[in-house]
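As structure tokens, the structure follows; a few thoughts come after it.
The values are calculated or read from the model by the stated rules, or taken from the named source; none is laboratory data. Just so it is clear, the structure is predicted and the values come from calculations on it, not from any experiment. Don't worry about glycine lacking a Cβ; one is built from the backbone with ideal geometry, like all the others, and counts go over all protein chains shown.
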Amino acid sequence: MLQILIYGAVSSAIYAMLAVGFTLIFGVARILNLAHGSFYALGAYAAYVLTSLLGVPLFIAAPLAVLIVAGFGVVMERFLVRPLRSSQLAVLMITLAVSLAVEQALFITFGSEYRNVPSFVADKLSIGGVDISGQRLLALVAGVLVLLGLWLFIQRTRLGAAILAVSQDPEAAQYMGIPTNRIFSIVMAISAGTAALAGVLVSPFLTVQPTMGLLPMVKAFAIVIVGGLGSIPGSIIASLILGYSETIVAYLISTSWTELVSLVAVVVTLMIRPSGLLGRRAAF
Amino acid sequence: MPLLEVADLKVSYGKALAIESVSIRVEKGELIGVLGPNGAGKTTLLKAISRSIASQGTLNFKDASLHPIEPYNVVAKGICHCPEGRKLFSELSVLKNLQLGAYLRKNNADVEKDLERVFTLFPVLRERQWQQSSTLSGGEQQMVAIGRALMGRPELLLLDEPSVGIAPRLKGLIFDSIQQIRRDGTAILIVEQDATSTLRIADRVYVLEHGRTIREGTSAEIAGDKYIQQIYLGV
């Protein structure tokens, strides 16, 4: 029981880190970013290159990897997505193209074999008789802190208020003197950075290989549909639901059934409540 | 030197010409009205001035062209736009909406002072400051929109049809507050369909039809014009 509670929390935290960035860039800039999973994969590979190949100490490599991927996201938004922003479909296609390009680039550069990233924390901890690796616990703590920090940033700072303003009415935001394009860049950096952080944090205990971004992309999409496209609280609630349901299914039935959970959740949501738990409008 | 000088302005949406040739002038501290039917180009004119749409022709503010200015930099020049349909940040509180109006301003004490000014102008907003702005009535939302534009401390305030969709009782209040804002020294360019109220408060009035200025004059001159009386005042 306690095991489900702890492992479910770890999954939920990782999912939330992925989904919040995905929903944020949609909510603010109306970019449905199919390359979001690439940020996650690139985060893991950046951590691998920096630590295993270049010998950079982990605690420098991790933030550096996040920064590199955030920069990649900003460049992608500025030069590939922004010129196409008038068409949602074109945005969808260009981000899909980026995700395929990233995957191929990783294949060509690193091959298809699994790569290892050393653990940040080698120790195992025991909580109430449940053994859990320190690395998983770190992912949980980091996830909670990042989400909390993001919430405070958006609710309490001037820049956060500007982000909210742009998400609700970009034209009116411009009348206030808010530079909407700069806000898009900032939000893209946050979105790519949080996805990369998730990739960095899981890289020691999950496999690092070129297609690793696909499944998280599907999960982020599922979470955002269940939670409501554009709603941050919705995506956090949906992350918890999905993280725990998967953990429960893995324990009660088998791990091979877990991938089905998100698909069932999407189908049920689209049938019963197409706008998602906290969404304002139907996503599709 | 006029505060705002617009001469032979043209705006087109694709092939459709929204403004063919409009010329208007606003002096420091003046209250100028722009009248005209739907589709005359009134909203387009204000959007061109605040640079949210591209235009050709003379567009000078304090003797410097606005054309090279990025839309989000227009506020910093001293022009605040209170748009058609109010365009509030509907999920944010009244207070947050007002604070966002002062987004570019760094001096917090000054911002507080202006917030107080808005609350004095519209006392009901003080009571409702914590409320989500979408829960307010149409008139109250218009007050937030005007207040939000004032928080940018404009030298020129652009008002786009502030009386639309507002209960008659509140309409008088809104027009009174516009006069008060002018008395405090802010020049105002107001676009309206309500000719009677506009002629009551404006110093001078321009009349737009089909993207052209067809009349201009003092409120008294325009109010005395036969054509205007027939079409706009229903005399």
Check your understanding: Applying the selection to region B:41-78, what residues are within 11 Å of chain A (Cβ to nearest Cβ) and closer than 17 Å to B:Ala7 by Cβ?
Key -> B:Leu46, B:Arg51
**Study point:** The listed residue being within 17 Å of the chain's Cα centre (by Cα) and over 25 Å from A:Leu137 (Cβ atoms), out of A:Gly43, A:Gly71, A:Gly37, A:Gly21
**Key:** A:Gly71
Exercise for review: Could you pull out every one of the helices (runs of 4 or more DSSP H) wholly within region B:151-224 that has 2 or more residues that are under 30 Å from B:Asn107 (Cβ atoms)?
Suggested key: B:168-183
Check your understanding: Which of the residues spanning region A:227-278 are among the charged types (D, E, K, R) and either modelled with pLDDT under 90 or assigned to a loop (DSSP other than H, G, I, E, B) (or both)?
Key -> A:Glu259, A:Arg273
Practice item. Give the residue that is surrounded by the fewest Cβ atoms within 10 Å (Cβ to Cβ), with candidates limited to residues of region B:40-67 that are free of Cβ contacts under 8 Å to residues at least 60 places away in the same chain and at positive phi. Key: B:Gly57
**Study point:** Residue in region A:76-86 that is in contact with a helix residue (DSSP H, G or I) (Cβ under 6 Å, 6 or more places away or on another chain), buried (at least 16 other Cβ atoms within 10 Å of the Cβ), in contact (Cβ under 8 Å) with a residue 40 or more places away in the chain and over 16 Å from A:Ile25 (Cα atoms) present
**Key:** no
Check your understanding: Is it the case that some residue within region B:155-174 is surrounded by 15 or more Cβ atoms within 10 Å (Cβ to Cβ), among the β-branched types (Val, Ile, Thr) and farther than 26 Å from B:Ala48 by Cβ?
Key -> no
Practice item. Only residues in region A:124-137 that are surrounded by 12 or more Cβ atoms within 10 Å (Cβ to Cβ) count as the first member; pair them with residues that are outside any helix (DSSP H, G or I) and among the aromatic types (Phe, Trp, Tyr), Cβ under 9 angstrom, at least 6 apart or cross-chain, and list the lot. Key: A:Ser133/A:Phe205; A:Gly134/A:Phe120; A:Gln135/A:Phe120; A:Gln135/A:Phe205; A:Arg136/A:Phe205
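One line per residue, one yes/no per condition, for (1) hydrophobic (A, V, I, L, M, F, W, C); (2) more than 14 Å from every other protein chain (Cβ to nearest Cβ); (3) in a helix (DSSP H, G or I):
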residue: A:Ala139; (1), (2), (3): yes, yes, yes
residue: A:Val144; (1), (2), (3): yes, yes, yes
residue: A:Ile163; (1), (2), (3): yes, no, yes
residue: A:Ala173; (1), (2), (3): yes, no, yes
residue: A:Gly177; (1), (2), (3): no, no, no
residue: A:Ser185; (1), (2), (3): no, no, yes
residue: A:Ile190; (1), (2), (3): yes, yes, yes
residue: A:Ala195; (1), (2), (3): yes, yes, yes
residue: A:Phe205; (1), (2), (3): yes, yes, no
Check your understanding: Taking region B:92-120 on its own, how many of its residues are of a type in the set (Phe, Trp, Tyr) and away from chain A (no Cβ under 11 Å)?
Key -> 1
Review point. Is one or more of the residues making up region B:1-24 charged (D, E, K, R), within 18 Å of the chain's Cα centre (by Cα) and part of a loop (DSSP other than H, G, I, E, B)?
Key: no
**Study point:** Criterion (more than 19 Å from B:Leu104 (Cα to Cα), out of contact with any strand residue (DSSP E or B) (no Cβ under 9 Å at 6 or more places or on another chain), more than 14 Å from every other protein chain (Cβ to nearest Cβ) and not aliphatic (A, V, I, L, M)) met by exactly one of A:Gly199, A:Gly149, A:Gly134
**Key:** A:Gly149
Point to revise | Where B:Leu158 falls short, out of the listed (1) within 11 Å of chain A (Cβ to nearest Cβ); (2) in contact with a Lys or Arg (Cβ under 8 Å, 6 or more places away or on another chain); (3) of a type in the set (A, V, I, L, M) | key: (2)
Practice item. Quick one: count up the residues across region A:210-251 that are of a type in the set (Ser, Thr, Tyr) and either closer than 19 Å to A:Ala41 by Cα or touching a strand residue (DSSP E or B) at 6+ places or on another chain (Cβ under 9 Å) (or both). Key: 1
Point to revise | Which numbered condition B:Ser134 misses (of (1) more than 14 Å from chain A (Cβ to nearest Cβ); (2) surrounded by fewer than 19 Cβ atoms within 10 Å (Cβ to Cβ); (3) closer than 29 Å to B:Gly39 by Cβ) | key: (1)
Practice item. Can you tell me which residue among A:Leu106, A:Leu96 is out of contact with any Lys or Arg (no Cβ under 7 Å at 6 or more places or on another chain), in a helix (DSSP H, G or I), surrounded by fewer than 16 Cβ atoms within 10 Å (Cβ to Cβ) and touching a residue at least 60 places away in the same chain (Cβ under 8 Å)? Key: A:Leu96
Review point. Got at least one residue in region B:77-98 being more than 22 Å from B:Gln132 (Cα to Cα), surrounded by 17 or more Cβ atoms within 10 Å (Cβ to Cβ) and hydrophobic (A, V, I, L, M, F, W, C)?
Key: yes
Check your understanding: Is it fair to say B:Arg128 is crowded, with 19+ Cβ neighbours inside 10 Å, at positive phi and either among the small types (Gly, Ala, Ser) or more than 8 Å from every other protein chain (Cβ to nearest Cβ) (or both)?
Key -> no
